[in-house]
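The values are calculated or read from the model by the stated rules, or taken from the named source; none is laboratory data. If you're wondering where the values come from, they're calculated on a predicted model, not measured in any experiment. Cβ placement follows ideal geometry from the backbone for every residue including glycine, while neighbour counts extend to all protein chains displayed.
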Amino acid sequence: MKIVFRIMSGLLTAGLAAAVLSQSGSSSLQSLVDSERAFSSMSVEKGIREAFLTYLADDAIVFRPKPVPGRKVYEDAPADSPLLLTWEPAFAEVSAAGDLGYTTGPYEARDRSKPDQPARHGHYISVWERQGNWQWKVVFDGGIRHAEPGPKPQTVATRPDQVKTWRGAKVDRIQGRTALIDLERNFAAKALTAGIVEAYLAYADNDIRIYRDNVLPTTGKEALLKELSMAAGKWTWDPLDGAASSIADLGYVYGICDMTGGATGDAPPESSSYLRIWRRTSGGQWRIVLDLAVPIPAEK
């Protein structure tokens, strides 16, 4: 999570070829990537606290590990932190309306006062939204940790050209948010009745990205099935909030996930904070394109 140490690491293992950003011709996509890079540069030059307070939206959420108001986290953070935090986008996607998008890529965290100490690594996920002045601000920040740095991104990839998305008129943003949360509840209901594997197969897009602690992110349904093969027990999701673009072609929902029972049926319950990013296809169906889960330690 890009909280006290932002998440970064190499290119995701791709199941499908992705278009290179420089070939996309999207000014909104380029401006989103430029904003992410400027964010990282400010973290190096002026420190983590100032960078996050500059780029976080007023209502931004971060995982710590539960979802909490982001600006409060960094307002309370020390201005003289010795942590050197750098990150770089490896993948980015933006709504056709140019008002909502996300970036993800590797991070590295080092202690400036202990240069010989090994760096920490992970991957971050930033969801960005245009504000009233049309500037990009981060509305969600989270991610995973893992030991391996992974390969360094050489380019920024984006949605494959063959993936055709929804091209509709503007919709009411409140209605768009409500529709996404209803979709989350439908997903959760299917998981309870048909099982978690069937739920994901019904709602996941072919290029879904999966983020779990202690491993590099993976991409595609084959990787998803491998991850789900280790899932057992009863899973429930409680969506807390989210948002959709102004034309309802891209959106996100975050909340709390609980698992009970486990493989043996009597395992202790587990909880995690989750984020799902949804993309609407040209046929009007919403599909999951990114799935993040961050464990919440059990309270003692």
- Query: Quick one: how many residues across the stretch 149-169 are assigned to a loop (DSSP other than H, G, I, E, B) and hydroxyl-bearing (Ser, Thr, Tyr)?
  - Reply: 1
- Hey, can you tell me all the residues within the stretch 66-120 that are out of contact with any Leu (no Cβ under 6 Å at 6 or more places or on another chain) and among the aromatic types (Phe, Trp, Tyr)? TRP87, PHE91, TYR102, TYR107
- Could you please find all residues in the stretch 124-147 being over 19 Å from PRO295 (Cα atoms) and either in contact with a His (Cβ under 7 Å, 6 or more places away or on another chain) or aromatic (Phe, Trp, Tyr) (or both)? TRP128, TRP134, TRP136
- Note on the structure: Restricted to the stretch 269-300 and to residues being touching a Lys or Arg at 6+ places or on another chain (Cβ under 8 Å) and among the hydrophobic types (A, V, I, L, M, F, W, C), the residue farthest from GLU184 (Cα to Cα) is ILE296
- Message: Take ALA51 and tell me if it is crowded, with 17+ Cβ neighbours inside 10 Å, not β-branched (Val, Ile, Thr) and not assigned by TED's automatic domain parsing to the domain that holds TYR252.
- Response: yes
- Message: I'd like the full set of residues that are out of contact with any Phe, Trp or Tyr (no Cβ under 7 Å at 6 or more places or on another chain) and surrounded by fewer than 18 Cβ atoms within 10 Å (Cβ to Cβ), limited to the stretch 234-255.
- Response: LYS234, THR236, ASP238
- What strands (runs of 3 or more DSSP E), lying completely within the stretch 236-300, carry at least 1 residues that are among the hydroxyl-bearing types (Ser, Thr, Tyr)? 250-261, 267-280
- Taking into account only those residues within the stretch 256-282 that are of a type in the set (Gly, Ala, Ser) and surrounded by 16 or more Cβ atoms within 10 Å (Cβ to Cβ), which is farthest from ARG64 (Cα to Cα)? SER271
- Query: When the stretch 99-146 is examined, which residues are found to be assigned to a loop (DSSP other than H, G, I, E, B), touching a strand residue (DSSP E or B) at 6+ places or on another chain (Cβ under 9 Å) and modelled with pLDDT of 95 or more?
  - Reply: ASP99, GLN131
